[in-house]
Amino acid sequence: MSFPYPATVSPSCLSLAVSAALLLAAPAAAGAANDLVEEALPSTPIATAAVADDPTQVVDFDAMVVTGVAPSAALTFVTDPRQPRQPVPASDGADYLKTIPGFGVMRGGGTNGDPVLRGMFGSRLNLLAGDGALAGACPSRMDNAMSYISPETWDGLTVIKGPQTVLWGGGAAAGTVRFERDIPYFPEPGIQAQGSLLAGSHGRNDQVLDFAAGNEAFYGRVTANRSDADDYEDGDGQRVHSGWTKWNADAAIGWTPNADTVIEASAGRGDGEARYAGRGMDGSVFDRTSYGLRFERSNLPGTLNGIEANLYYNAIDHVMDNYTLRDPDPDGAMPMPMASNVAHRTAGGRAALTWSGEHWNLTGGVDGRASRHSQRSGMGRGAYLAAPWNVDARFRQAGAFAELHWHINDQHQLVAGARIDRAKAEDRRMHAGGGGHGHGNDPGHPMPNPTAGMTRSETLPSAFVRYEQTLTDSGFSWYAGLGHTARMPDYWELFSPDHGPEGATNAFAGVDPERTTQLDLGLDWKGESIDAWLSVYAGRMSDYILFDYGHHGMTTAMNADADIRGGEAGVEWRPGGHWKLGGSIAYAWGELADSGQPLPQMTPFESRLTAAWDNGRWSAGALLRVVASQDRVSESLGNVVGRDIGPSPGFSVISLNGGYRFSERVRVTAGIDNLFDRSYSEHLNLAGNSAFGYPADPVRINEPGRAGWIKFNMEF
């Protein structure tokens, strides 16, 4: 199996280096563990009970294994992606998002699924890494943005649901997702380091190392990871073409003249390969090159108290072929070896100022980005390398925004914001035809592209207002927010379809921007032993961008109005004795306004029930995931990610986990996913490819069967 790593870094060397660093540090950490245990935990293993009479000695540990995330504020979810989660710790950004109620993932193989929130896909989710836009390159989204994210190399994950912020870009009808890295400030010379090792079923093995060193004026930080897995087996014992190998390495250096100021430069590389049972090709190269520069200044005297600015450059070089990780299917649509090489370069930046008064905070600024997509291909092994690159699309966006938080008093606050974006797209294709979903025109006799060289521009407004009230005596709070956002069709919606709306030359000329107006309502209650929350929404999506897959294998992109509604809710009960019992539910519903036809690709009703016991040293937990059947489908329709392939049955899966804290800094966790080895599949799914024995009629790809894992986390 070939693998195109840079000559300077091999996967085995990276794995060995990360593992060696962690294992060499283990004796020192373990040697200090006894002292740390004495400081962090009382002599009895019942830590919290033993110090219950003296609250100053209570050590408040995070959950050992994350099985669900509750909101930290109205429509905002914040979590630490470095914590182990169940099912088995995530290999990509989309997989980790599944712990937040309302999220799902489009299954296509073992990794690199496409995230969905409240039934909304693609650029309806604003996906940011280090406050920079990161976009995949494959016309059929084999390498969506979250494919290039290793969650455990990031310090924080923040999700804001719905069009309820304007700070991080427009068009985020479903929500905004931010993976963030902290500034490692050192008031005196020192070292900060942490890492993990994971081993699991089906050859799963991960290594992560995060190392920082510095003094009061300067710091340096390196994060690196490697993740590898073989093909998994489903609950019926059938092998699923799904293995992967991927690695990332990022470095940053910073100047901190004081605790409130930082200038940081960063650079990163990554690569990987992944098998896909739901596609005619696999991904043999996932090359990422990233550069960044950021400046932050906080706690300024006076009304202006904060400045932040960043520049970024992300380059994706992706190869998909049918011969590196599989043999060409002689009876399929691609019987000969062939490959497609695509690249997406994105550069941009953001600058924002924050003003504060006694009862208000105002953030205003500008942002922008420019991107270029190019591609080449070839018949025969490695033939694409001799082909010239062709730039097929260019995009530009510039925006200005302002968001106000007005603290009317201790119980009432108003949050409002507005932004305006100017977006431009240029069609550089010389020939007509779809980029990835359908067959397009005959490659031997390509037709001229009628929109070659054309540019289209759109002005896109976004705004929201939200009222929040907290009743401090009762622990009860509620909010109501109304938001509107407009979204420029993205690369996949303008360039991938074979056809545009009826009467239009093609999708580039005929697909209109999408506009969403949505009402969000929520309740939250925090009691002595019970916390509960509820979030519901209802909206109208005007000119929703819809894909029709029903024309002899070709795709047509069009606009149609759609109504959406749904919600999520959760509860946590702490009955005592170190126990926590919890649960959450999520439901998304949508239909086309004119015909009443179900909106395709909507996630079914899902509930999660959890039980956890944690005495400060030992922990144990269980997760029951129950998903209802979904019969509200439109089999010929879909979106840029995929299409409905028919109704799906419901299922339930039980998983168990446990852990032990050697100290506050050293812990081990383990789990068994799909305890009873159930055979099941997710509703959102790519149909299995015929090269692996799947029938011509669409059949969903099954999820993994029973799988065990163990993970060692350490800070030193």
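The values are calculated or read from the model by the stated rules, or taken from the named source; none is laboratory data. Since this is a predicted model, take the numbers as computed values, not measurements. Note: ideal-geometry Cβ built from the backbone for every residue, glycine included; neighbour counts use all protein chains shown. Remember, those area values only see protein heavy atoms, side chains included, never the ligands or the DNA or RNA. Shrake-Rupley method; radii C 1.70, N 1.55, O 1.52, S 1.80 Å.
The GluC sites (Glu not before Pro) found in the range 492-526 that occupy coil by DSSP, while having at most 13 further C-beta atoms within 10 Å, are GLU502. Each helix, a run of at least 4 DSSP H residues, gives -39500 (n - 2.57); summed and divided by the residues of the chain, these come to -2000 deg cm²/dmol at 222 nm. Rolling a 1.4 Å probe over the protein heavy atoms gives the chain an accessible area of 41 Å² per residue.
Measuring nothing but how far apart in sequence close Cα pairs (under 8 Å, 6+ apart) lie, relative to its length, the range 169-287 scores a relative contact order of 18 percent.
In summary, the lysines within cross-link reach of LYS246, defined as a Cα separation below 23 angstrom excluding same-chain residues under 8 places away, comprise LYS98, LYS711. Carbon-plus-sulfur accessible fraction, the range 347-477 (probe radius 1.4 Å, protein heavy atoms only): 58%.
Hey, what's the Kirkwood Rh for the range 148-241 if you take every pair of different alpha carbons, in angstrom? Kirkwood radius, the range 148-241: 16.8 Å. Rounded to the nearest Hz, the phi-derived 3J(HN,Hα) couplings of the range 125-131 under the Karplus curve 6.51 cos²θ - 1.76 cosθ + 1.60 (θ = phi - 60°) are 9, 8, 9, 10, 10, x, 6, where x marks glycine and proline.
Between GLU703 and TYR680, SER681, GLU682, the built amide H atoms are under 5 Å apart, and every one of these is 5 or more places off in sequence or on another chain.
Highest mean packing comes first when the peptides 524-534, 160-170 are listed by Cβ atoms within 10 Å, giving 160-170, 524-534. Taking the protein heavy atoms of the range 498-607 in the context of the full set of protein chains, the accessible area attributed to carbon and sulfur is 57 percent at 1.4 Å.
Once C-alpha pairs closer than 8 Å and six or more residues apart are averaged by separation and normalised to the residue number of the range 267-411, the relative contact order reads 19 percent. Each Cα pair under 8 Å and six or more residues apart adds its sequence gap; the mean of these over the residue count of the range 502-561 is a relative contact order of 34 percent. Taking θ as phi - 60° and the Karplus parameters 6.51, -1.76 and 1.60, the scalar couplings of the range 486-500 work out to 10, 10, 5, x, 8, 4, 5, 7, 8, 10, 7, x, 6, 9, x Hz in sequence order, x denoting glycine and proline. Shown are TRP589, TRP579, TRP355, TRP709, whose ranking by accessible area with a 1.4 Å probe and every protein chain present, most to least, is TRP579, TRP355, TRP589, TRP709.
Backbone phi angles across the range 459-476, fed through the Karplus curve with coefficients 6.51, -1.76 and 1.60 (θ = phi - 60°), yield HN-Hα couplings of 9, 10, x, 9, 6, 7, 9, 9, 9, 10, 9, 10, 9, 4, 6, 9, x, 9 Hz in residue order; Gly and Pro are listed as x. With angles folded into 0 to 90 degrees, how steeply does helix 11-40 sit against the dominant principal axis of the chain? Use alpha carbons for both and round to 10. Tilt of helix 11-40: around 20 degrees. For a straight C-alpha distance cut-off of 23 angstrom, the lysines reachable from LYS526 (same-chain residues fewer than eight places away being disregarded) are LYS161, LYS580. A protection proxy built from the mean count of other Cβ atoms within 10 Å ranks the segments 247-256, 180-189, most packed first, as 247-256, 180-189.
Only protein atoms count toward the accessible area here, which uses a 1.4 Å probe; on the range 182-317, the carbon and sulfur part of that area reaches 56 percent.
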